[in-house]
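Colleague: Below is one structure. I have some questions about it.
The values are calculated or read from the model by the stated rules, or taken from the named source; none is laboratory data. Please read all numbers here as calculations on a predicted model, not as lab measurements. Here the Cβ positions follow ideal geometry from the backbone for every residue, glycine too, while neighbour counts run over all protein chains shown. Quick note on the areas: whole protein, heavy atoms, side chains included, nothing else; ligands and nucleic acids left out. Shrake-Rupley method; radii C 1.70, N 1.55, O 1.52, S 1.80 Å.
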Amino acid sequence: ERTAVSDAFFEDPGSLKKVPCPSIFDPAEKYISLIVPAYNEECRLPEALTETLNYLKQRSSADKSFTYEVLIVDDGSTDRTSKVAFEYVKKHNIDNVRVLLLGRNHGKGEAVRKVSVELPTHTLVSTNQL
């Protein structure tokens, strides 16, 4: 049975549909998932995402087995963090960049835990580890 994180979902900026987070019981789809916890990061997010996504695109071009996704976890931001993040989804597509909206602020550690407990990937990396 598929279970989603209780109050977490992906939102497709094209359709604005809310999609439940995948379950840990689903088969892995990506080699690596990079989790970016974000709380009121509208000013810092663009530079970090641009540099990160450029690297990941270059690596996946050189090695076709290297698949990735960047999960931006908006931890209840009160600024334009989610809007900035959705611009990256539009630019890089929802297969590689996803925004996870948490309804209220849980803190960076909880934001990463909520995603890493649920996602079926080979490797999970948090920006806390970089």
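Colleague: Just wondering, is there one or more residues in region 37-45 that are open to solvent by 20 Å² or more (accessible area, probe 1.4 Å), at pLDDT below 80, touching a helix residue (DSSP H, G or I) at 6+ places or on another chain (Cβ under 7 Å) and not polar (S, T, N, Q)?
Modeller: No, region 37-45 contains no residue that is open to solvent by 20 Å² or more (accessible area, probe 1.4 Å), at pLDDT below 80, touching a helix residue (DSSP H, G or I) at 6+ places or on another chain (Cβ under 7 Å) and not polar (S, T, N, Q).
Colleague: I'm trying to understand the selection: among the residues of region 46-92, which are over 15 Å from residue 33 (Cβ atoms), among the small types (Gly, Ala, Ser) and touching a Phe, Trp or Tyr at 6+ places or on another chain (Cβ under 9 Å)?
Modeller: Within region 46-92, 65, 76, 77 meet the criteria.
Colleague: Identify, please: which residue in region 53-72 is farther than 11 Å from residue 96 by Cβ and open to solvent by less than 40 Å² (accessible area, probe 1.4 Å) and is, among those, modelled with the lowest pLDDT? Please lay out each step first, then the result.
Modeller: If we filter region 53-72 for residues that are farther than 11 Å from residue 96 by Cβ, which is where we start, we get 54-55, 58-59, 61-66, 72.
Still in the list and also open to solvent by less than 40 Å² (accessible area, probe 1.4 Å): 66, 72.
Working: 66: 95, 72: 90.
Applying the filter and picking the extreme gives 72.
Colleague: For region 117-130, state whether one or more residues are at pLDDT 85 or above, over 18 Å from residue 38 (Cα atoms) and open to solvent by 30 Å² or more (accessible area, probe 1.4 Å).
Modeller: Of the residues in region 117-130, the ones at pLDDT 85 or above are none.
No: zero hits.
Colleague: Which of (1) surrounded by 14 or more Cβ atoms within 10 Å (Cβ to Cβ); (2) at pLDDT below 75 does residue 76 not meet, given it meets every other one?
Modeller: Of the numbered conditions (1) surrounded by 14 or more Cβ atoms within 10 Å (Cβ to Cβ); (2) at pLDDT below 75, the odd one out for residue 76 is (2).
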